[in-house]
Amino acid sequence: MEIRVPREVFKELKKEDINTLIRESLQRAELTLQAREEEFLKEKKKKLEEKLKEMSEEYGELLEFYHKALRDREFMMKKREKLEKENRELRKELEARKREIENKAREGLRKD
């Protein structure tokens, strides 16, 4: 790697210990990177917490919907049973009336 600096800056740098400057710069850069990473992680944690809250609310809504669907299913099954019972009774009545009409028709044919 090559670093170019103006002559005046280079003369001043020669007076100072380059290794010390680099170590200090690296320490500051390291601290800056740690701070940025910490901020990044905090932001990520915040987003994950928001997502978790959102998912928890959606789960609650789905659970509520599921329980309502179970109640509706139970209601519909009872209605279905009731309608089937009514249908059986109506068929019996219809069959009885049909036999009654057939019997009257036979009696009417016998009288002729």
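Condition check for residue 16 on (1) surrounded by 10 or more Cβ atoms within 10 Å (Cβ to Cβ); (2) modelled with pLDDT under 95; (3) not aromatic (Phe, Trp, Tyr): one failure, at (1). Exactly one residue out of 69, 105, 35 is of a type in the set (A, V, I, L, M, F, W, C), surrounded by 10 or more Cβ atoms within 10 Å (Cβ to Cβ) and modelled with pLDDT of 95 or more, and it is 69.
Taken over the stretch 1-53, the residue count meeting the criterion of being within 30 Å of the chain's Cα centre (by Cα) and not in a helix (DSSP H, G or I) is 0. The residue pairs whose first member lies in the stretch 60-87 and is in contact (Cβ under 8 Å) with a residue 40 or more places away in the chain, whose second member is among the aromatic types (Phe, Trp, Tyr), and whose beta carbons are closer than 7 Å, counting only pairs six or more residues apart or on different chains, do not exist in this structure.
Among the residues of the stretch 81-112, the one identified as more than 48 Å from the chain's Cα centre (by Cα) and of a type in the set (S, T, N, Q) is 103.
Kindly establish whether residue 56 is within 28 Å of the chain's Cα centre (by Cα), part of a helix (DSSP H, G or I) and of a type in the set (Gly, Ala, Ser). When the stated conditions are applied, residue 56 passes them.
The values are calculated or read from the model by the stated rules, or taken from the named source; none is laboratory data. Note that the structure is a prediction, hence the values are computed from the model and not measured. Every residue, glycine as well, gets a Cβ built from its backbone with ideal geometry; the counts of neighbours run over all protein chains shown.
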